[in-house]
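Presented below is the structure to which this report refers.
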Amino acid sequence: MSKLGNLGARLYRGEVGYDFVGKRKIWYGISILITITAIVGLAVRGLNMGIEFEGGAVFTTPKTSVSVAQAERYAEDASGHDAVVQELGSGGLRIQVAGVDTAKSDQIKAELAKDMDIKSESINADLVGPSWGEQISKKAWTGLIIFMVLVVIYLAIAFEWRMAAAALIALIHDITITVGVYALVGFEVTQGTIIGLLTILGYSLYDTVVVFDSLKEQSKDLTKQTRWTYSEVANRSINSTLVRSINTTVVALLPVAGLLFIGGGFLGAGMLNDISLSLFVGLAAGAYSSIFIATPLVADLKETEPQMKALKKRVLAKRAAAAAKGESVESPARDEDDDESPDDLPQDAAPAGVVGPRTQPASRGRGRGRPSGKRR
């Protein structure tokens with residue numbers, strides 16, 4: 001078995017682990033800092049909206065020796081507006097000028113033909129009205145709202161409302177960071193960007209639901225035992241699915257990185273830049289939020305319940321009593337009034353916050369179950 005596979009198996013069995021939930025204040029702080037940076041970038045720089053949203057003209061030239069920088073200067077001089085120029089795979093150029101009408105478009109086309117020393121009829125000019133972009137924006141917002149409402153309803157039914165709320169916060173977190181990166185980088189927002197933003201919602205939700213499903217399974221009948229708090233079980237759920245989350249994220253990021261850095265960077269394909277940047281940032285943010293944000297939030301919300309508060313109090317009291325007797329905190333002695341059976345408890349799970357091998361060998365015949373009460 002590979003080292004990563006062996007690590008994944010040990011994480012799943014609870015032989016090793018990292019205290020993600022216990023250090024949640026650190027992750028919250030990092031997320032708040034990144035989110036504030038994204039919001040400030042969005043407020044200061046704003047989004048570089050594409051011509052589809054602002055309206056204007058798009059000029060496509062045949063193969064030419066004129067550089068992108070020269071064509072950009074020619075277009076700005078001819079139109080009096082900022083121009084965006086992209087080199088096409090055929091050797092031609094795609095020149096976008098926002099805020100021009102039909103008459104101005106004909107004038108710009110003529111001046112471009114003269115400056116670039118090509119025939120005017122060989123330049124293809126298309127006018128784009130801002131109403132098309134407005135329709136796309138409205139549909140995107142409608143789709144986003146419907147998606148989030150359905151997600152909340154599904155998670156509330158399949159799991160519980162606390163998990164639905166945490167997943168919704170994680171989704172908003174991912175979208176905010178992705179949009180903020182667009183503002184800071186200055187990439188043009190096109191219909192490809194909208195498609196990418198809507199696509200990352202599913203990826204972000206996938207990793208979150210995987211952890212939630214593990215948490216739901218392991219937390220059944222949790223209040224019938226006094227060895228683990230809800231936060232510790234939540235932390236174990238993250239660790240048991242950690243390698244799976246990393247593998248799926250890396251596999252998804254590799255082709256997207258190829259589109260972004262090779263397709264967009266070297267080949268100069270503008271549409272690839274638009275969609276691949278949103279996918280790349282959104283996938284990374286989604287993997288981060290499912291591990292560091294969503295599940296710790298569920299633990300925080302869940303431990304506000306009276307029964308979970310009482311459970312935590314009992315667990316800590318029992319550990320303190322065991323420590324006072326010089327017994328192992330990991331395997332406290334059974335109290336006479338404790339109705340749990342040692343066979344019913346996860347013998348192979350390390351307490352939350354333990355990183356590294358256990359001091360006692362794990363029983364491979366046990367621990368595949370969840371914390372539960374006495375067997376009937």
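The values are calculated or read from the model by the stated rules, or taken from the named source; none is laboratory data. A quick note: this is a predicted structure, and the numbers were derived from the prediction, not measured. Cβ coordinates were reconstructed from backbone atoms using ideal geometry, including for glycine residues, and neighbour counts include every protein chain displayed. Each accessible area value is taken on the protein alone, full model and side chains, heavy atoms only, with ligands, DNA and RNA left out. Shrake-Rupley method; radii C 1.70, N 1.55, O 1.52, S 1.80 Å.
Criterion applied to Val40, Val128, Val44 was being in contact with an Asp or Glu (Cβ under 7 Å, 6 or more places away or on another chain) and either at negative phi or acidic (Asp, Glu) (or both), and the one residue passing it is Val128.
From the list Asp106, Asp126, exactly one residue is more than 25 Å from Ile195 (Cβ to Cβ) and charged (D, E, K, R). Which is it?
After ruling out the rest, the residue left standing is Asp106.
Is it true that some residue in region 151-165 is touching a helix residue (DSSP H, G or I) at 6+ places or on another chain (Cβ under 9 Å), in contact (Cβ under 8 Å) with a residue 40 or more places away in the chain and open to solvent by 80 Å² or more (accessible area, probe 1.4 Å)? No - not one qualifying residue is present in region 151-165. Residues in region 43-60 that are closer than 18 Å to Lys104 by Cβ, small (Gly, Ala, Ser) and not in a strand (DSSP E or B): Gly55 alone.
On the given criteria, is Asp101 surrounded by fewer than 21 Cβ atoms within 10 Å (Cβ to Cβ) and at pLDDT below 80?
For Asp101, the condition - surrounded by fewer than 21 Cβ atoms within 10 Å (Cβ to Cβ) and at pLDDT below 80 - is met.
Here Phe292 clears all of (1) open to solvent by less than 30 Å² (accessible area, probe 1.4 Å); (2) at pLDDT 55 or above except the condition numbered (1). Of the residues Glu217, Glu232, Glu188, the single one that is farther than 30 Å from Phe53 by Cα and touching a Gly at 6+ places or on another chain (Cβ under 9 Å) is Glu232. A single entry from Leu88, Leu42 fulfils the requirement of being open to solvent by 50 Å² or more (accessible area, probe 1.4 Å), in contact (Cβ under 8 Å) with a residue 60 or more places away in the chain, farther than 30 Å from Thr295 by Cβ and in contact with a Ser or Thr (Cβ under 9 Å, 6 or more places away or on another chain): Leu88. None of Gly55, Gly50 is surrounded by 14 or more Cβ atoms within 10 Å (Cβ to Cβ), touching a residue at least 12 places away in the same chain (Cβ under 8 Å), closer than 16 Å to Val128 by Cα and touching a Pro at 6+ places or on another chain (Cβ under 6 Å) except Gly55. Residues of region 111-130 that are out of contact with any Gly (no Cβ under 7 Å at 6 or more places or on another chain) and part of a helix (DSSP H, G or I): Glu111, Leu112, Ala113, Lys114, Asp115, Met116, Ser120, Glu121, Ser122.
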